[in-house]
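Below: one structure, written as structure tokens.
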Amino acid sequence: MSSGTRTLLSEVFGYVFLALSVVWAINNIETIKAAAIHLGFDLPESAPTKGRTHQTNNAAKTVHKTSGYVELAADNQGHYQARVEVNGRSIDAMVDTGATVVVMSHRDAHRAGIIVTPNDYTGRARTANGIARVAPVTLARVRLGDIVVRNVRGLISEPGKLNGTLLGMSFLSKLSRFEIRSGRLILQK
């Protein structure tokens, strides 16, 4: 094979590799963002939603009046549901002042780029359904509207043991205030 042919093949393989890398990065952008946040990179926040109201999956309204302030309306069952970002990934959560820490389902943790192995389930937690095995973690960043809290203690439940995520006191205690007034949960950084 001549040197010209080798050079041409090398360039073609280089471009193919580059194209495949770009396609992989586009398909895995959420994983890349979560890894960057986990490594301590400060990614730009998305545009704030001041003054807007939006519906979550459970019909609870979230109102952002000013930066670092969120109001949640109770859903039909009296729970406060919210769309939160954990390590840059959006998940649904229920704000639970009775939960000591943020507790994530195995599925939500995986969606947030948190991978746990069977050996990571070193803790036990008392739940409404009894004692469950949990994996202790530190969540690099938890965001609710304009409120961002870093280094939040959390627990990951075993697969199939929890259906959702509870936003507990390890998040709430880092706020300057949270209170319930007229059926609305008010959170402020």
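Read the figures in this text as sums done on the coordinates, not as results from a lab. This is a predicted model, so every value here is computed, not measured. No Cβ is skipped: glycine too gets one built from the backbone with ideal geometry, and neighbour counts run over all protein chains shown.
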| field | Sorted by Cβ neighbour density within 10 Å, fewest at the top, the residues Y121, Y15 | value | Y15, Y121
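With a 10 Å radius around each residue's Cβ, average the other Cβ atoms per peptide and rank 74-84, 171-181, 139-149, highest first.
Values: 74-84: 16.0, 171-181: 14.3, 139-149: 20.5.
The packing order, highest mean first, is 139-149, 74-84, 171-181.
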| message | Relative contact order of region 53-188, please, whole-number percent, based on alpha carbon pairs below 8 angstrom and at least 6 residues apart. | response | 29 percent
| note | With +1 on the Cβ of every Lys and Arg and -1 on the Cβ of every Asp and Glu, the dipole magnitude of region 53-188 about its Cα centre, in debye rounded to the nearest 20, is 200 debye
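Where does each of E71, E158 land when they are ranked from fewest to most other beta-carbon atoms within 10 angstrom? Intermediate results must be reported in sequence, preceding the final value.
Details: E71 18, E158 15.
With the sparsest Cβ surroundings first, the list reads E158, E71.
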